[in-house]
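Reading through the C-alpha coordinates given below for one structure.
The values are calculated or read from the model by the stated rules, or taken from the named source; none is laboratory data. Quantities reported herein were computed from a predicted structural model and do not represent experimental measurements. All Cβ positions, glycine included, derive from the backbone under ideal geometry; neighbour counts span all protein chains shown. These accessible areas exclude ligands, DNA and RNA; they are computed on the full protein's heavy atoms, side chains included. Shrake-Rupley method; radii C 1.70, N 1.55, O 1.52, S 1.80 Å.
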Amino acid sequence: MAILKIARMGHPVLALRAREVPDPRAPEIRHLVNDMVETMIDANGAGLAAPQVHVPLRVVVFQAPGTRSDPGLSEVERFDHTCPLTVLINPQITVLDEATEGGWEGCLSVPGLRGWVERPAHIRYRGIGIEGEMIEREARGFHARVVQHECDHLEGRLYPSRMSDLTRLIFESEIRHFQQAG
Ligand code: NI
(Lines give C-alpha, C1' and ligand atoms only; values in the text may rest on other atoms or scores of the structure.)
Protein backbone atom coordinates (compact mmCIF):
# COMPACT_ATOMS: atom_id res chain seq x y z
CA MET A 1 0.00 0.00 0.00
CA ALA A 2 1.11 3.52 -0.63
CA ILE A 3 -0.04 7.08 -0.18
CA LEU A 4 -0.34 8.57 -3.66
CA LYS A 5 0.27 12.10 -4.83
CA ILE A 6 -2.97 14.00 -5.41
CA ALA A 7 -3.33 16.02 -8.62
CA ARG A 8 -4.43 19.61 -8.08
CA MET A 9 -6.75 21.80 -10.13
CA GLY A 10 -4.97 22.73 -13.34
CA HIS A 11 -3.39 19.32 -13.91
CA PRO A 12 -4.75 18.01 -17.24
CA VAL A 13 -5.56 14.55 -15.80
CA LEU A 14 -8.41 16.19 -13.85
CA ALA A 15 -9.99 17.47 -17.06
CA LEU A 16 -10.11 14.16 -18.95
CA ARG A 17 -13.03 11.79 -19.31
CA ALA A 18 -11.82 8.68 -17.49
CA ARG A 19 -11.91 5.29 -19.24
CA GLU A 20 -14.07 2.30 -18.31
CA VAL A 21 -12.29 -0.43 -16.34
CA PRO A 22 -12.33 -3.49 -18.61
CA ASP A 23 -11.75 -6.03 -15.81
CA PRO A 24 -12.88 -4.80 -12.37
CA ARG A 25 -11.41 -7.89 -10.70
CA ALA A 26 -7.90 -7.42 -12.09
CA PRO A 27 -5.18 -7.42 -9.42
CA GLU A 28 -3.93 -3.99 -10.52
CA ILE A 29 -7.40 -2.54 -9.86
CA ARG A 30 -7.42 -3.98 -6.34
CA HIS A 31 -3.96 -2.51 -5.82
CA LEU A 32 -5.13 0.90 -7.10
CA VAL A 33 -8.21 0.81 -4.84
CA ASN A 34 -6.14 -0.08 -1.76
CA ASP A 35 -3.83 2.85 -2.44
CA MET A 36 -6.76 5.19 -3.08
CA VAL A 37 -8.39 4.26 0.24
CA GLU A 38 -5.13 4.77 2.09
CA THR A 39 -4.60 8.13 0.35
CA MET A 40 -8.16 9.31 1.07
CA ILE A 41 -7.94 8.42 4.76
CA ASP A 42 -4.51 10.01 5.10
CA ALA A 43 -5.82 13.23 3.51
CA ASN A 44 -9.00 13.12 5.64
CA GLY A 45 -11.26 13.20 2.57
CA ALA A 46 -14.80 11.86 2.21
CA GLY A 47 -14.08 10.60 -1.29
CA LEU A 48 -11.45 10.19 -3.97
CA ALA A 49 -11.61 9.45 -7.70
CA ALA A 50 -8.83 7.69 -9.62
CA PRO A 51 -8.04 10.71 -11.87
CA GLN A 52 -7.12 12.58 -8.66
CA VAL A 53 -4.20 10.16 -8.25
CA HIS A 54 -3.23 10.52 -11.93
CA VAL A 55 -5.03 7.35 -13.09
CA PRO A 56 -7.70 8.15 -15.71
CA LEU A 57 -9.95 5.14 -14.94
CA ARG A 58 -13.57 5.00 -13.75
CA VAL A 59 -12.95 4.13 -10.11
CA VAL A 60 -14.14 6.06 -7.04
CA VAL A 61 -14.01 5.48 -3.30
CA PHE A 62 -16.13 7.38 -0.75
CA GLN A 63 -17.85 7.25 2.59
CA ALA A 64 -20.78 9.11 4.10
CA PRO A 65 -20.59 8.72 7.87
CA GLY A 66 -23.57 9.65 10.04
CA THR A 67 -21.61 12.59 11.44
CA ARG A 68 -21.79 14.28 8.01
CA SER A 69 -25.58 14.07 7.76
CA ASP A 70 -28.26 16.33 9.20
CA PRO A 71 -28.61 15.53 12.92
CA GLY A 72 -32.34 16.28 12.73
CA LEU A 73 -33.07 13.18 10.64
CA SER A 74 -35.06 10.28 11.99
CA GLU A 75 -33.53 6.79 12.04
CA VAL A 76 -35.47 5.75 8.92
CA GLU A 77 -34.54 8.89 6.97
CA ARG A 78 -30.90 8.53 7.92
CA PHE A 79 -30.66 5.21 6.08
CA ASP A 80 -30.13 6.71 2.60
CA HIS A 81 -27.94 9.49 3.97
CA THR A 82 -25.10 7.35 5.24
CA CYS A 83 -22.87 4.71 3.74
CA PRO A 84 -19.76 2.83 4.79
CA LEU A 85 -16.52 3.00 2.85
CA THR A 86 -17.52 2.05 -0.68
CA VAL A 87 -15.57 1.27 -3.85
CA LEU A 88 -17.41 1.80 -7.14
CA ILE A 89 -15.96 0.74 -10.46
CA ASN A 90 -17.62 1.97 -13.67
CA PRO A 91 -20.33 3.82 -11.72
CA GLN A 92 -23.57 5.16 -13.15
CA ILE A 93 -25.95 7.68 -11.59
CA THR A 94 -29.66 8.11 -12.17
CA VAL A 95 -31.29 11.27 -10.83
CA LEU A 96 -34.55 10.27 -9.11
CA ASP A 97 -35.72 13.81 -8.37
CA GLU A 98 -34.56 16.94 -10.18
CA ALA A 99 -35.12 19.02 -7.03
CA THR A 100 -31.75 20.27 -5.86
CA GLU A 101 -30.21 20.91 -2.50
CA GLY A 102 -27.26 23.18 -1.73
CA GLY A 103 -24.27 22.23 0.36
CA TRP A 104 -20.66 23.18 0.98
CA GLU A 105 -18.14 21.05 -0.89
CA GLY A 106 -14.43 20.67 -0.70
CA CYS A 107 -12.06 18.65 -2.84
CA LEU A 108 -8.61 17.22 -2.22
CA SER A 109 -7.66 18.57 -5.66
CA VAL A 110 -8.79 22.08 -4.71
CA PRO A 111 -7.11 22.34 -1.30
CA GLY A 112 -8.13 24.96 1.24
CA LEU A 113 -11.33 26.03 -0.55
CA ARG A 114 -15.02 25.40 -0.05
CA GLY A 115 -17.82 26.12 -2.49
CA TRP A 116 -21.60 26.08 -2.29
CA VAL A 117 -22.96 23.65 -4.88
CA GLU A 118 -26.55 22.80 -5.81
CA ARG A 119 -27.08 19.17 -6.80
CA PRO A 120 -30.02 16.78 -7.19
CA ALA A 121 -30.90 15.63 -3.69
CA HIS A 122 -32.09 12.10 -4.49
CA ILE A 123 -30.26 9.69 -6.79
CA ARG A 124 -29.76 6.02 -7.49
CA TYR A 125 -26.29 4.78 -8.29
CA ARG A 126 -24.83 1.51 -9.37
CA GLY A 127 -21.40 0.15 -10.06
CA ILE A 128 -19.13 -2.80 -9.42
CA GLY A 129 -17.59 -3.36 -6.01
CA ILE A 130 -14.13 -4.57 -5.16
CA GLU A 131 -15.21 -8.24 -5.07
CA GLY A 132 -16.80 -7.92 -8.50
CA GLU A 133 -20.30 -7.62 -6.97
CA MET A 134 -22.97 -5.28 -8.32
CA ILE A 135 -23.76 -2.43 -5.95
CA GLU A 136 -27.02 -0.53 -6.34
CA ARG A 137 -28.24 2.03 -3.82
CA GLU A 138 -30.42 5.05 -3.40
CA ALA A 139 -28.80 8.05 -1.83
CA ARG A 140 -29.86 11.38 -0.36
CA GLY A 141 -28.20 14.25 1.44
CA PHE A 142 -24.44 14.16 1.89
CA HIS A 143 -24.34 10.59 0.55
CA ALA A 144 -25.91 11.71 -2.75
CA ARG A 145 -23.61 14.73 -2.86
CA VAL A 146 -20.34 12.83 -2.38
CA VAL A 147 -21.23 10.24 -5.04
CA GLN A 148 -22.09 12.97 -7.58
CA HIS A 149 -18.95 14.91 -6.71
CA GLU A 150 -16.72 11.84 -7.19
CA CYS A 151 -18.44 10.77 -10.41
CA ASP A 152 -18.00 14.32 -11.78
CA HIS A 153 -14.24 13.71 -11.52
CA LEU A 154 -14.69 10.84 -14.00
CA GLU A 155 -16.14 13.35 -16.49
CA GLY A 156 -13.27 15.76 -15.96
CA ARG A 157 -15.32 18.16 -13.82
CA LEU A 158 -14.39 19.83 -10.55
CA TYR A 159 -17.04 21.30 -8.24
CA PRO A 160 -16.30 24.99 -9.04
CA SER A 161 -17.67 24.35 -12.54
CA ARG A 162 -20.98 23.30 -10.90
CA MET A 163 -21.28 26.52 -8.93
CA SER A 164 -23.86 29.12 -9.93
CA ASP A 165 -22.61 31.81 -7.53
CA LEU A 166 -18.83 32.22 -7.31
CA THR A 167 -19.15 34.64 -4.37
CA ARG A 168 -19.69 31.39 -2.47
CA LEU A 169 -16.24 30.06 -3.35
CA ILE A 170 -14.26 30.76 -0.19
CA PHE A 171 -11.34 29.64 1.90
CA GLU A 172 -12.21 26.91 4.37
CA SER A 173 -10.59 28.95 7.12
CA GLU A 174 -13.14 31.76 6.53
CA ILE A 175 -16.29 29.64 6.52
CA ARG A 176 -17.18 30.58 10.09
CA HIS A 177 -16.96 34.30 9.32
CA PHE A 178 -18.83 33.84 6.04
CA GLN A 179 -21.72 32.06 7.73
CA GLN A 180 -21.87 34.64 10.54
CA ALA A 181 -22.03 37.45 7.99
CA GLY A 182 -24.60 35.56 5.86
NI1 NI B 1 -13.06 16.08 -5.45
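In units of the rule-of-thumb radius 2.2 N^0.38 Å, the chain shows an alpha carbon radius of gyration of 1.00. When only the Cβ of Lys, Arg, Asp and Glu is charged (+1, +1, -1, -1), the dipole of the stretch 27-156 relative to its Cα centre reaches about 80 debye. Note on the stretch 1-92: along the principal axes its Cα atoms extend 41, 29, 26 Å, ordered by decreasing extent.
Heavy-atom accessible surface of the stretch 12-181, averaged per residue, reaches 51 Å², computed with a 1.4 Å probe. Taking all protein chains as present, what is the carbon and sulfur share of the accessible area of the stretch 12-181, in % to the nearest whole number, probe 1.4 Å? Ligands and nucleic acids excluded, carbon and sulfur reach 51 percent. Over every Cα atom in the stretch 76-152, the radius of gyration and the widest Cα-Cα span, Dmax, amount to 12.8, 36 Å. Which whole-number percent gives the relative contact order of the chain, counting Cα pairs below 8 Å spaced six or more residues apart? That works out to 24 percent. Across the stretch 166-177, computed HN-Hα scalar couplings (Karplus, 6.51 cos²θ - 1.76 cosθ + 1.60, θ = phi - 60°) run 6, 5, 9, 9, 9, 6, 3, 5, 9, 4, 4, 5 Hz from first to last residue, x flagging Gly and Pro.
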